[in-house]
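Undergrad: One structure is given below, represented as structure tokens, and several questions about it will come after.
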Amino acid sequence: MTYVLIAIVVLVLIFAKMALVIIPQSETKIIERLGRYYATLRPGINIIIPIVDRAKEIVVMRAGRYVYSNSIDLREQVYDFPKQNVITKDNVQTEINALLYFQIVDPFKAVYEINNLPNAIEKLTQTTLRNIIGELELDETLTSRDTINTKLRSVLDDATNKWGIKVNRVELQDITPPESVLTAMEKQMQAERNKRATILTSEGKKASDILQSEGEKMATINRAEALKQQAILKAEGEAQARIRKAEAEAIAIKKITEAVGESTNPANYLLAQKYIQMLQQIAEGDKTKTVYLPYEATNLMGSIGGIKDLFKSE
């Protein structure tokens with residue numbers, strides 16, 4: 001009797017352990033009762049009927065492999081798909097691989113609307129990516145990653161909606177053209193760099209020539225302005241000198257007039273004085289020199305006589 005009770009207790013404990021199902025946070029399980037859908041278990045403690053109820057197994061991808069599991073992860077998942085060959089619009093074969101970020105939002109659809117969810121997502125992604133790249137040329141493919149990512153995410157999100165999947169984003173990792181294309185692209189890039197360097201050098205020389213020309217222009221203007229100012233100052237100085245000289249001569253004439261009186265012309269006196277100075281300079285020269293005086297010079301003798309009368313009067 002004691003053994004029977006112990007056996008019953010053990011069976012009850014085993015039954016209770018099988019009946020209590022603890023679901024971790026962000027996970028769920030699909031329960032089937034006698035082969036039919038019964039419930040979707042929430043995180044926490046759940047009670048089921050052992051043997052009658054069982055968790056539905058589904059295919060999931062873990063560490064790059066397909067495995068069976070009776071737990072469904074509701075967190076965002078990342079699938080890293082292997083590289084695939086695609087052909088662009090201009091018939092260039094290119095290797096591309098992508099990352100897919102998705103989340104299961106409806107576990108019922110993820111289990112019953114598709115047989116192998118990871119494989120279906122992978123094949124759909126590869127097919128959609130192949131179609132999108134086929135509409136673009138190689139240059140567009142290399143420069144339009146954001147456009148490709150957006151379009152790919154939109155198509156996948158619409159297609160997987162009936163599977164209870166929400167595609168959050170898609171990222172293209174590598175776009176690898178053939179080696180021959182890479183070599184040609186490298187040569188083109190080198191040519192573009194050389195072209196830009198030549199343009200920059202030319203623009204720099206042009207700017208330098210402009211600056212030099214502007215500098216020479218300003219220097220010429222400054223020199224011309226300086227010469228102008230110099231000429232003005234020189235002319236003003238000469239004018240002032242002539243004015244001062246004229247003023248001095250006027251004062252001298254006035255003094256002479258006051259000294260000789262009105263009977264003698266002061267101008268004749270000054271002219272005769274200059275004439276005598278000139279003759280003295282000529283006489284101090286070569287003794288054999290013969291000096292010919294013009295006829296008009298005899299008129300000056302009267303001035304000399306006037307000077308004689310002047311001295312006599314004094």
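Undergrad: Tell me, VAL92, VAL111, VAL67 in order of fewest to most beta-carbon neighbours within 10 Å? Intermediate values should be presented prior to the final figure.
TA: On the way: VAL92 17, VAL111 22, VAL67 12.
Exposure proxy ranking, most exposed first: VAL67, VAL92, VAL111.
Undergrad: More than 19 angstrom separation, counting every C-alpha pair in region 160-254; what % is that?
TA: Numbers: 3470 of 4465 pairs.
In whole percent, the share of Cα-Cα pairs in region 160-254 beyond 19 Å is 78.
Undergrad: Farthest toward the dipole's positive end in region 96-215, which of VAL105, LEU152, MET189, given Cβ charges of +1 (Lys, Arg) and -1 (Asp, Glu) about the Cα centre?
TA: Working it through, the farthest residue towards the positive pole turns out to be VAL105.
Undergrad: Still on this structure: So if each residue of separation counts as 0.36 nm, and I subtract the Cα-Cα distance between ILE45 and ILE6, what length gain in nm does that give?
TA: Working it through step by step, the gained length comes to 11.4 nm.
Undergrad: On to the next question. Could you pull out every one of the lysines with an alpha carbon less than 17 Å from that of LYS205, ignoring same-chain neighbours closer than 8 positions?
TA: In chain and number order, the partners are LYS195.
Undergrad: Another question, then. Taking every pair of alpha-carbon atoms in region 48-129, give the share separated by more than 21 Å as a whole percent.
TA: It works out to 40 percent of all Cα pairs.
Undergrad: Further question: Just to verify a number: FRET efficiency for PHE15 and TYR112, C-beta to C-beta distance, R0 = 22 Å, to 0.05?
TA: 0.15
Undergrad: Hey, another quick one. At what distance in nm do the modelled label points of GLU216 and SER180 sit from each other, each positioned 7 Å from its Cα along Cα→Cβ?
TA: Placing both labels 7 Å beyond Cα along the Cβ direction yields 5.4 nm.
Undergrad: Fewest first, what order do SER208, SER154, SER144 take by the number of other Cβ atoms within 10 Å?
TA: Ordered by Cβ neighbours within 10 Å, fewest first: SER208, SER154, SER144.
Undergrad: Further question: Kirkwood Rh over alpha-carbon pairs of region 1-56, then Stokes-Einstein at 20 °C and 1.002 mPa s: what D in µm² s⁻¹, rounded to an integer?
TA: Numbers: Rh = 12.4 Å.
Reported coefficient: 172 µm²/s.
Undergrad: I would also like to ask the following. Mind checking the full-extension length gain between ASP139 and ASP90? Use 0.36 nm per residue of separation minus the Cα-Cα distance, one decimal, nm.
TA: Here the segment from ASP139 to ASP90 would lengthen by 16.7 nm.
Undergrad: Cα centroids of region 149-179 and region 30-69: how far apart, whole angstrom?
TA: Taking the Cα centre of region 30-69 as reference, the centre of region 149-179 is 28 Å away.
Undergrad: Quick check: net charge around ILE148, other residues with Cβ under 11 Å of its Cβ, Lys/Arg +1 and Asp/Glu -1?
TA: Details: positive: ARG145, LYS151, ARG153; negative: GLU135, GLU140, ASP146, GLU171.
Surrounding charge for ILE148 is -1.
Undergrad: What pairs from LYS89/LYS187; LYS234/LYS254; LYS29/LYS83; LYS245/LYS274; LYS56/LYS162; LYS56/LYS151 go past 27 Å between their alpha carbons?
TA: LYS234/LYS254; LYS29/LYS83; LYS56/LYS151
Undergrad: How would you order 72-79, 15-22, 245-252, 119-126 from highest to lowest mean count of nearby Cβ atoms within 10 Å? Can you show the working numbers first?
TA: On the way: 72-79: 15.2, 15-22: 12.1, 245-252: 10.5, 119-126: 17.8.
In decreasing order of mean packing, 72-79, 15-22, 245-252, 119-126 become 119-126, 72-79, 15-22, 245-252.
Computed from the coordinates by the stated procedures, all read-outs in this text should not be read as laboratory data. On a predicted model such as this, the values are computed, not experimentally measured, just so you know. Please note: Cβ atoms are built from the backbone with ideal geometry, for glycine as well, and neighbour counts cover all protein chains shown.
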